[in-house]
Amino acid sequence: MAKKGDHKKEDVNKTKASNKKEAGIKTDKSKKPDHDTKKKQTDSKQTDKKQSGDEQSARKKIIINSQTVSDLSEHLPIKGKHKIGKRLLIAFIILICLCGLAFGLSKAGIIPITITYLEDQGLLIEFPDPAEFYRQKTHPEEYAQTDLQKEDSTAQGSSAVQGSSATAQTESGVTETGNTLLLPDGLEIPLCPTDSHDHERRVLSGFTLCYREDYEQPEWVAYTITPEKLVKETERANNFRADPQISTGSATPDDYKASGYDRGHLAPAADMAYSDATMRESFYMSNMSPQEPSFNRGIWNNLENDVRAIAAGCDCLYVITGPVLEKPASKYAHIGTNEVSVPEYYYKVLLAVTYEGTQRESVTSYAYIVPNGKTDENPSKFICTIDDVEKRTGIDFFSLLEDGLENELEAGTKPTAEIIN
Ligand SMILES: [Zn+2]
């Protein structure tokens with residue numbers, strides 16, 4: 001048996017040597033594994049005594065062949081690493097090229113992707129509604145006219161608003177002017193008062209605001225609510241923090257600490273619950289104003305709920321809201337080291353639009369001015385005209401609307417739609 005075993009060992013070494021020769025490996029490096037091989041052979045011999053000689057032989061060859069492979073693998077990784085590194089580099093270059101190509105095509109308007117940079121999220125890549133993109137391609141005249149209308153309105157500015165007994169809801173503006181188009185983009189963005197210079201506009205993904213450094217809060221926050229945005233996709237974030245994008249420095253959570261005032265959202269967190277990004281944005285201090293707790297959690301909260309109820313009944317609701325800053329900052333009480341003004345009133349201005357296809361069906365305006373304090377009244381008690389809000393704040397709302405419709409809507413005192421409480 002011993003002789004037979006030795007003979008087999010020779011066969012084995014031959015196999016091993018020939019394998020190594022093929023792989024171009026020096027034999028002195030494989031000395032240690034040889035010992036292992038021998039040990040394994042001995043172990044194998046002890047455990048498999050009952051097996052026939054042929055079976056044993058086959059088994060040993062398998063063991064030795066796998067050992068040989070493990071010897072070879074000691075040398076392979078160096079070569080493999082080079083290959084992997086090279087492949088990674090090629091993949092990286094291809095990725096960079098694709099990104100560059102996508103960016104170029106999106107800038108050229110060939111593919112409908114917008115790439116924007118947000119400081120807290122990095123690059124934001126947005127894909128528009130395919131239906132709208134298709135409509136834009138098949139009916140370019142609609143969009144071209146909308147742009148022209150926007151330019152025209154911007155150039156004219158807003159004329160002085162005339163008093164009128166018209167109701168807030170009007171369809172006449174649609175048929176009389178022959179304007180049956182979608183309302184212009186950015187309709188919610190108002191024009192700031194012209195008698196002050198501390199305005200800083202901040203465009204976020206869910207809303208736009210104008211920050212007034214003198215008051216350490218925004219004078220307006222504007223956004224739209226569509227039925228899709230009413231779908232709650234995320235929970236309240238509660239991560240109140242200073243807004244790093246306000247060049248003069250925004251108010252901080254510390255300013256409100258122990259002040260007795262709530263950090264009152266202007267764009268409510270509940271209106272921004274359709275995405276994580278918009279929810280997080282709503283907690284920037286540039287979206288806050290010091291509100292009496294009984295006001296913030298009472299009538300203001302009720303009004304915010306009303307706004308969502310109105311939004312649920314139309315195709316697009318334009319919302320502009322903020323404090324009534326009608327006096328110099330020095331005339332207001334203030335809180336914190338940044339001296340955040342405590343407003344005495346807040347306003348909300350709304351425009352609810354319904355469409356029939358691409359034609360405007362109805363446009364309804366709403367306006368409220370509510371004192372910053374406790375009240376048991378319903379928000380409907382505080383309905384006023386948009387003209388009233390413009391007079392007190394100096395802000396010009398809906399300047400992109402054709403003047404006839406703008407005047408009619410802004411002078412209306414009672415929305416025809418029922419206020420829901
Ligand atoms: Zn402003």
Checked pairs for the range 241-269, first outside the structural domain of residue 340 (by TED's automatic domain parsing), second among the aromatic types (Phe, Trp, Tyr), C-beta under 8 Å and 6 or more apart or across chains, list as none
Within the range 382-399, considering residues that are acidic (Asp, Glu) and more than 15 Å from the ligand (Cβ to nearest atom), the one farthest from residue 300 (Cα to Cα): 387
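Take the range 282-304 and flag every residue that is farther than 18 Å from residue 219 by Cβ, of a type outside the set (Phe, Trp, Tyr) and in contact (Cβ under 8 Å) with a residue 60 or more places away in the chain. Step through it out loud before you land on a result.
Quick first cut of the range 282-304, residues farther than 18 Å from residue 219 by Cβ only: 283, 292-299, 301-304.
If we keep only those that are of a type outside the set (Phe, Trp, Tyr) as well, we get 292-294, 296-299, 301-304.
Listed by number, the residues that qualify are 292, 294, 298, 299, 302, 303.
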Kindly provide the set of residues from the range 269-286 that are assigned to a helix (DSSP H, G or I) and under 9 Å from the mean Cα position of the chain (by Cα), ordered by number. 276, 277, 278, 279, 280, 281
Do the conditions hold for residue 349, that is, is it within 16 Å of the ligand (Cβ to nearest atom), in contact with a Ser or Thr (Cβ under 9 Å, 6 or more places away or on another chain) and either outside any loop (DSSP other than H, G, I, E, B) or without any contact (Cβ under 8 Å) to a residue 24 or more places away in the chain (or both)? yes
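Every residue, every condition in (1) within 23 Å of residue 368 (Cα to Cα); (2) of a type in the set (Val, Ile, Thr); (3) out of contact with any Gly (no Cβ under 8 Å at 6 or more places or on another chain), yes or no:
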residue: 215; (1), (2), (3): yes, no, yes
residue: 219; (1), (2), (3): yes, no, no
residue: 223; (1), (2), (3): yes, no, no
residue: 231; (1), (2), (3): no, yes, yes
residue: 242; (1), (2), (3): no, no, no
residue: 250; (1), (2), (3): no, no, yes
residue: 267; (1), (2), (3): yes, no, no
residue: 273; (1), (2), (3): no, no, yes
Members of the range 301-315 that are under 15 Å from residue 367 (Cβ atoms) and touching a strand residue (DSSP E or B) at 6+ places or on another chain (Cβ under 8 Å): 303, 307, 310
Test of understanding: among 394, 373, 322, which residue is surrounded by fewer than 23 Cβ atoms within 10 Å (Cβ to Cβ), under 18 Å from residue 191 (Cβ atoms) and at pLDDT 95 or above? 394
Just to be sure I understand the filter: pairs with C-beta atoms under 6 Å, separated by 6 or more residues or on different chains, first member in the range 183-206 and near the ligand (Cβ under 10 Å from one of its atoms), second member of a type in the set (Asp, Glu) and in a loop (DSSP other than H, G, I, E, B). Which pairs pass? 198/213; 198/214
What residue, among those in the range 210-249 that are small (Gly, Ala, Ser) and within 17 Å of the chain's Cα centre (by Cα), is nearest to the ligand (Cβ to nearest atom)? 222
When the range 387-405 is examined, which residues are found to be assigned to a helix (DSSP H, G or I) and either among the polar types (S, T, N, Q) or touching a Gly at 6+ places or on another chain (Cβ under 9 Å) (or both)? 387, 393, 404, 405
Spot the failing condition for residue 352; the list is (1) under 20 Å from residue 209 (Cβ atoms); (2) within 28 Å of the chain's Cα centre (by Cα), and only one is missed. (1)
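The values are calculated or read from the model by the stated rules, or taken from the named source; none is laboratory data. What you are looking at is a predicted structure, and each value in this text was computed from that prediction instead of being measured. Glycine gets a Cβ as well: all are built from the backbone with ideal geometry, and neighbour counts include every protein chain shown.
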